[in-house]
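Engineer: Right, I'll just put the structure down here and ask away after.
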Amino acid sequence: MEQLKANTPFRAQLQCIECGETYDLYQVLYRCRKCDGLIDVVHDFQALKQIPAGKWKDTFSDRFRYPGFPYSSGVWGKKEWVLPEIDVEHVVSLGEGATPLIPVPRLAREYGLASLEVKQCGVSHTGSFKDLGMTVLVSHVVSLRARGIPIRAVACASTGDTSAALAAYASAAGIPVIVFLPEGKISTAQLVQPLSSGAIVISLETDFDGCMDIVRSVTTDESIYLANSMNPLRIEGQKTISVELAQQRGWKLPDWIVIPGGNLGNVSALAQGIRLLKENGMIDRVPKICVAQSARANPLYLSFQKGLGELQRVQAEKTLASAIQIGNPVSYPRAVRALKDFQGVVEQATEDELANAAARADLHGLFNDPHTGVALACTEKLVSNGTIQSGESVVVISTAHGLKFSEFKTGYHDGTLHDVKARSGNQPIRLPAREDLVRQAIEDRVGRVS
Ligand SMILES: *Cc1c(COP(=O)(O)O)cnc(C)c1O
Ligand SMILES: [Zn+2]
């Protein structure tokens, strides 16, 4: 496997997004010490640019699904753009990334679009895109510990997928994990994942925002490391979504990328990846971004309506899209920057819209979780109102695997979801084991059976 070398080494450091203050990468820091701004990992562009774009493309393509640790991972195949200095022996990878990009041409026609593809980020070890960030964060913790920084445990607040991913990666590394979950607000699969990994699971009678307040306070003890996406190491892994997407589309991004948003780390990561691609001369044109929210947890939507000034915090209400039931998103300033840089819009979907959009797209080979349903519903709405034009290409970021949300899927087809009128519901045909009745049932649906 080829190692790229520039005359000056590839390097990354921490930088405040507000005041620009820089910090060494190898310290525990989640907010600027000067102004309390959010922190980015920034790369040395001069070093990266010594490698021509064509060379980066060839290298990333050669490594894609290459059978060698850790470059076969969709994230670590881009190691120089992620954590260039980390020792390979510190990398904790569970084969994340390199997820399918699936064209759905008939659904595109139904929506009135030239091209629609779905990036299946949930086809991953713990069933969501959170794996992309956690492999980087947990690997970084291993390298911090190797440098003598005393980290006893990693901790996060979660709407279900962050905790599943953190628990899996930390257990692979043998690092203790503490997760804070909002009681009764996550799926059964999401609860059993960190339990299986042996995590300390603390279920709190509050919502995600309440869990977030507590984890921020607990992690002021620097030996308990914060793993929420406020931590920029997560963003570093997640930004490879954009690179992988460009790679899978012959180094061209679509006209639009539609992505569900909760705490808004993922849209920030998406934007960061696009900036890096542009900066390194890998793409000519940048896409527009749509952040899709549930109408019951829509602080970004409301803020967008008011021109993206102050965040319009809300008390998030119960929604089928439980992983984005967040009223006070930590990465709001990063998301504003993403929307401004990429002609962004924000759309919202009701419970009925998201559930039906997910089910309708399932009829095209997919198996959608409710968050992907939100993104699909918003895509449909933006095409109908002319924001997305019929000749444009769209990629929907699917954030989780539908199998993690079996209550949502069965509830839809049983017709028992609140506020949802199931338009694509399907039920088993229950019959006695009699051939005549079976033949009749088939004939009723597909015509004469000989
Ligand atoms: C975490 C998550 C999101 C939201 O991502 P943010 O970075 O919080 O905006 C969307 N969908 C699923 C399935 C998630 O797990
Ligand atoms: Zn600052």
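The values are calculated or read from the model by the stated rules, or taken from the named source; none is laboratory data. Only a predicted model underlies this, so the values are computations on that prediction, with no experimental measurement involved. Here the Cβ is made from the backbone with ideal geometry for all residues, glycine too, and neighbour counts use every protein chain on show.
Engineer: In the range 23-39, how many residues are near ligand 2 (Cβ under 10 Å from one of its atoms) and more than 23 Å from the chain's Cα centre (by Cα)?
Structural biologist: Adding up the residues that qualify gives 6.
Engineer: Right, next: Name the single residue that is nearest to ligand 1 (Cβ to nearest atom) among those in the range 1-20 being assigned to a loop (DSSP other than H, G, I, E, B) and either surrounded by 14 or more Cβ atoms within 10 Å (Cβ to Cβ) or modelled with pLDDT of 95 or more (or both).
Structural biologist: Ile17
Engineer: Being in contact (Cβ under 8 Å) with a residue 24 or more places away in the chain, under 27 Å from Phe408 (Cα atoms), touching a helix residue (DSSP H, G or I) at 6+ places or on another chain (Cβ under 6 Å) and not in a loop (DSSP other than H, G, I, E, B), is that true of even one residue in the range 134-146?
Structural biologist: yes
Engineer: What are the residues in the range 5-30 that are touching a residue at least 24 places away in the same chain (Cβ under 8 Å), farther than 14 Å from Leu137 by Cα and among the β-branched types (Val, Ile, Thr), if any?
Structural biologist: Thr8, Ile17
Engineer: So, in the range 167-218, how many residues would count as being of a type in the set (S, T, N, Q) and buried (at least 18 other Cβ atoms within 10 Å of the Cβ)?
Structural biologist: 5
Engineer: Let me ask you something else. Within the range 26-38, work out how many residues are more than 16 Å from ligand 1 (Cβ to nearest atom) and surrounded by 18 or more Cβ atoms within 10 Å (Cβ to Cβ).
Structural biologist: Within the range 26-38, residues that are more than 16 Å from ligand 1 (Cβ to nearest atom) and surrounded by 18 or more Cβ atoms within 10 Å (Cβ to Cβ) number 1.
Engineer: Just checking, how many residues over the range 353-391 are of a type in the set (D, E, K, R) and touching an Asp or Glu at 6+ places or on another chain (Cβ under 6 Å)?
Structural biologist: Final tally of qualifying residues: 1.
Residues are listed down the side, and each one gets a yes or a no for (1) part of a loop (DSSP other than H, G, I, E, B); (2) under 19 Å from Ile39 (Cα atoms); (3) near ligand 1 (Cβ under 9 Å from one of its atoms):
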| residue | (1), (2), (3) |
| --- | --- |
| Pro254 | yes, no, no |
| Val258 | no, no, no |
| Asn266 | no, yes, yes |
| Gln272 | no, yes, no |
| Gly281 | yes, no, no |
| Cys290 | no, no, no |
| Ala297 | yes, no, no |
| Leu302 | no, no, no |
| Gly309 | yes, no, no |
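Engineer: Turning to a different aspect of this structure: Confirm whether Tyr23 is away from ligand 1 (no atom under 16 Å from the Cβ) and surrounded by fewer than 17 Cβ atoms within 10 Å (Cβ to Cβ).
Structural biologist: Considered against the rule, which asks whether it is away from ligand 1 (no atom under 16 Å from the Cβ) and surrounded by fewer than 17 Cβ atoms within 10 Å (Cβ to Cβ), Tyr23 comes out as yes.
Engineer: Looking at this structure, is Thr379 in a helix (DSSP H, G or I) and surrounded by 19 or more Cβ atoms within 10 Å (Cβ to Cβ)?
Structural biologist: yes
Engineer: To continue, here is another question. Just to be sure I understand, how many residues within the range 382-399 are over 24 Å from Arg249 (Cβ atoms) and either assigned to a helix (DSSP H, G or I) or of a type in the set (Val, Ile, Thr) (or both)?
Structural biologist: Summing the residues that are over 24 Å from Arg249 (Cβ atoms) and either assigned to a helix (DSSP H, G or I) or of a type in the set (Val, Ile, Thr) (or both) in the range 382-399 gives 1.
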